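What follows is a short report on a single structure.
The values are calculated or read from the model by the stated rules, or taken from the named source; none is laboratory data. Please read these numbers as outputs of a predicted model, since none were measured by experiment. Ideal geometry is used to build each Cβ from the backbone, glycine not excepted, and the neighbour counts take in all protein chains shown. All accessible areas refer to the heavy atoms of the entire protein, side chains included, with ligands and DNA or RNA removed. Shrake-Rupley method; radii C 1.70, N 1.55, O 1.52, S 1.80 Å.
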Amino acid sequence: MPRPLLALVALLAACSPAPPAPAEPPPPPGSQTAVFAGGCFWSSEKAFENVRGVSSVVSGFAGGTEANPDYMDVVRGRTGHREAVRVTFDPQVVSYRALVDRFWRTIDPTDPNGVFCDQGPSYRTAVFATAGQAEAANASRSAAEAALGRRFVTPVRAASRFWPAGAEHQDYAERNPGRYEAYRVGCRRTESLRRVWGQAAVT
């Protein structure tokens, strides 16, 4: 989230309590999950929502040490969490490896401090992989790094607890298309991604 929008969110948060995280339905039988920190979770959410085989994408936080992290504490770097998404998918339709392959092309994996206009500890990128996912995640990383021809700094990290963000952050691009488009254009996401990945970019 760019700084002007962050300031607006801070003002609104000071005036009224944030809505709680929405109640989550049980995952479909046989489904699996993948967790990606890709900078602004609004953009990460949008990048996976329409993928065939994906049943849900939830915005939240991963990688920190505090329970029930508060959004403003996260973005101010107080909890060690990163903005992330949890992708629930049917492995019979789309593989975990395919999702990781897609993830790289939604970010600049050579930037150690965030994604384009979203910079700082909470926007740093990562793949959070379970023990069973780590081999596929690292193989995907190596292949994408070779394809790009530049050294990746985005790590594959051990999975940690994922905390859903509040209701106001879920399905943000779908519920607020005008505001999301203003953010996307202002951040120059499409142009920036294409400078990194060319036509392979997921914009």
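Would you be able to tell me the number of residues in region 107-143 that are farther than 16 Å from V75 by Cα and among the charged types (D, E, K, R)?
Residues flagged as farther than 16 Å from V75 by Cα and among the charged types (D, E, K, R) within region 107-143 amount to 4.
Identify all residues within region 96-147 that are surrounded by fewer than 17 Cβ atoms within 10 Å (Cβ to Cβ), touching a strand residue (DSSP E or B) at 6+ places or on another chain (Cβ under 7 Å) and part of a helix (DSSP H, G or I); write none if there are none.
A134, N138
Of the residues that make up region 92-101, is at least one in contact (Cβ under 8 Å) with a residue 60 or more places away in the chain and more than 18 Å from the chain's Cα centre (by Cα)?
yes
Scan region 29-80 for residues that are in contact with an Asp or Glu (Cβ under 7 Å, 6 or more places away or on another chain) and in a loop (DSSP other than H, G, I, E, B) and jot them down.
Those that are in contact with an Asp or Glu (Cβ under 7 Å, 6 or more places away or on another chain) and in a loop (DSSP other than H, G, I, E, B): G30, S31, G39, C40, G53, T79.
Name the pairs whose Cβ atoms lie under 8 Å apart, with the first residue in region 150-175 and closer than 15 Å to A47 by Cα and modelled with pLDDT of 95 or more, the second open to solvent by less than 60 Å² (accessible area, probe 1.4 Å) and in a loop (DSSP other than H, G, I, E, B), and 6 or more positions between them or separate chains?
Matching pairs, first to second residue: Q170/P22.
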